[in-house]
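To start, the structure itself, in structure tokens.
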Amino acid sequence: MATRGLPRAFCEARSAGAEALAAGRATRAEGPGRSGLLQDETLGVVSVPSQWRGAQGIRGETKSCQTASIATADVSVQTRKHADAEVQTEPPAPVGVSVSRQDSPRLVAFLRRVEGMVIRELSKNWQSHAFDGFEVNWTEQQQRVSCLHTLCYPPAQGQGLHVTSISWNTTGSVVACAYGRLDDGDWGTLKSFVCAWNLDRRGLSPQQPSSVVEVPSAVMCLAFHPTQPSHIAGGLYSGEVLVWDMSRPEDSLLWRTGLTDDTHTDPVYQVAWLPEPRHSHRFQLLSVATDGKVLLWQGVGAGQLQLTEGFALVAQQLPRNTKLKKPTRGETEVGVTTVAFSSFDPSLFILGTEGGFPLKCSLAAEEAALTRMPSSVPLRAPAQFTFSPHGGPIYSVNCSPFHRNLFLSAGTDGHVHLYSMLQAQPLTSLQLSHKYLFAVRWSPVRPLVFAAASGEGEVQLFDLQRSSQKPRVSIKQTQDESPVYCLEFNSQQTQLLAAGDSTGTVKIWQLSTEFTEQGPRETEDLDQLAAEVAT
């Protein structure tokens, strides 16, 4: 090589450096444990087989020292990524990817570091009493229903009065009951009571109601106001309708119908609050009685309930499919015993009658009723459709809160009928008692659960998802089998069910989650049940 123009010392230095570099390469290539050229998977810390390269589709190649360093970094990163994937529960890496020995000490160190904390937490949970007494039983839960309170008013019991009606207030914390008589006899002049208990109050006394109102006639029915927690309406054996404020026991009366031509002439068996059509925040009061009238009242000044609309059931104006027994003494009015409003159509309601047949009715009906009963407003004929009858008077009807076409009825024949609005024949008929059935109610939270009160002292809970023929639970309300006259679910505290009986006692039953939590496909099963009726 020509070195013209360069200093001799520089040329000698370059030559020495080239010899040194060649010697270094030979030393690395022929070093201990190595043969041939330098392999790019050879690392200073750990040797990783070529599975990673096989997974990535990379062929093994002869690399220089510089290339080997880059490959070492790639393998290390790949190994760390595999460990992170396991921690974050991503899809697992393909089988055959080995964990770097470099990570093993780190894993051991981590486990040693957290071991004490994990043992302390496990010991703490082991000593906890949070689940004492809890037993898992997937086949059949124990203690499905338990009695939370037994309430009564001794002065009413001393008069031999029955609990004729129950109502929960809008907060779900107060339960009220009406005292009266449902058996034979003239109880119109018997002094009676409306009692209320606040179950959330400390020091609840089961025999001392939070408030008591004395009433000059037997009270047959109650209904708390939908938005005013202390306002409650009642219907009397004398035919009057009254509204009280239970927060003012000394001066509780707010409104009353008085004894006028508009007043019912028979006992009032049910009252219900309805929103006004053009003022949803204002409510009017509906009452039904065995005189055949359905009346709507509005509170006005001077403590009076004023009649605003009225309906009358007349035998001649019932639908043609109605099979009535021949009326006696020329009577044409059909006695009404109970009412239930649709949760989906505010103008649609079901009436239960003394003749045993349910009637579908409408507040929008315009046909005049053919009756001579005196009234300050024109009375209309509400009936649109008649369903197949029970074997005796109906005591209770209730519309499903989960389906627009389904409702239940119960009566003196001991049967519960499940009807669809779309046909006369019931979907199913269940004989629950050899005596009367006095009340039936759908659960407010379980679409296929309902409860019934029997004349044999039982409260029966049905779950149609489990069985359409047998009750899921039969609760013994009275030991002597005296009748249970009324029951109501609590729509706010859904684990509570109140029932009143002929001994003058109200029992508050606490339901297990079996009756308060919806099962899978329960709403779909209810829809299928209704669809079977429609086909």
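Mind running the shape call on the stretch 146-223? Use the C-alpha gyration tensor, a ≥ b ≥ c as the square roots of the eigenvalues: rounded below 1.5 for a/c, prolate if a/b tops b/c, oblate otherwise. Verdict is prolate for the stretch 146-223. Annotation for the stretch 202-305: trypsin sites (Lys or Arg not before Pro) lying in DSSP loop with at most 10 further Cβ atoms inside 10 Å of their Cβ are 202, 278.
Roughly speaking, to the nearest percent, how much of the stretch 409-535's 1.4 Å accessible area is carbon and sulfur?
43 percent
With no solvent and one point per C-alpha, what does the Debye sum give as log10 I(q)/I(0) for the stretch 329-428 at q = 0.11, 0.13, 0.19, 0.24 Å⁻¹? Evaluating at q = 0.11, 0.13, 0.19, 0.24 Å⁻¹ gives log10 I(q)/I(0) of -0.33, -0.46, -0.92, -1.29.
Here's the picture: charge each Lys and Arg Cβ at +1 and each Asp and Glu Cβ at -1 in the stretch 196-267, and of 234, 249, 206 the one pushed furthest to the positive end of that dipole is 206. Taking max minus min of the alpha-carbon positions on each principal axis, the stretch 373-457 gives extents of 42, 28, 24 Å, largest first. Using only side-chain charges placed at the Cβ, +1 for Lys and Arg and -1 for Asp and Glu, the dipole size of the stretch 327-386 relative to its Cα centre rounds to 80 debye.
Keeping every protein chain present and rolling a 1.4 Å probe, give me the accessible area per residue for the stretch 332-375 in Å².
Working: 1810 Å² over 44 residues.
Here the residues of the stretch 332-375 average 41 Å² of exposed surface.
Only Lys, Arg, Asp and Glu carry charge here, each on its Cβ (+1 for the first two, -1 for the last two); on that basis the stretch 411-535 has a dipole of about 100 debye about its Cα centre. Here the stretch 150-256 exposes an accessible surface that is 46 percent carbon and sulfur, computed with a 1.4 Å probe and the other protein chains kept in place.
Which whole-number value in Å³ per residue fits the convex hull of the alpha carbons of the stretch 156-297?
Values: hull volume 15.3 nm³, N = 142.
Expressed per residue, the convex hull around the Cα atoms of the stretch 156-297 is 108 Å³.
Taking +1 at the Cβ of each Lys and Arg and -1 at the Cβ of each Asp and Glu, which of 431, 344, 365 sits farthest along the dipole of the stretch 322-455 towards its positive end, judged by Cα position relative to the Cα centre? Selected residue: 431. The residue list 528, 499, 422 was ranked by how far each Cα lies along the charge dipole of the stretch 410-535 toward its positive end, using unit charges on Cβ atoms, and 499 comes out on top.
The values are calculated or read from the model by the stated rules, or taken from the named source; none is laboratory data. No experiment lies behind these values; they were computed from the predicted model shown. We place every Cβ from the backbone using ideal geometry, glycine too, and count neighbours over all the protein chains shown. Just so you know, the surface numbers come from the protein's heavy atoms only, side chains and all, with ligands and any DNA or RNA stripped out. Shrake-Rupley method; radii C 1.70, N 1.55, O 1.52, S 1.80 Å.
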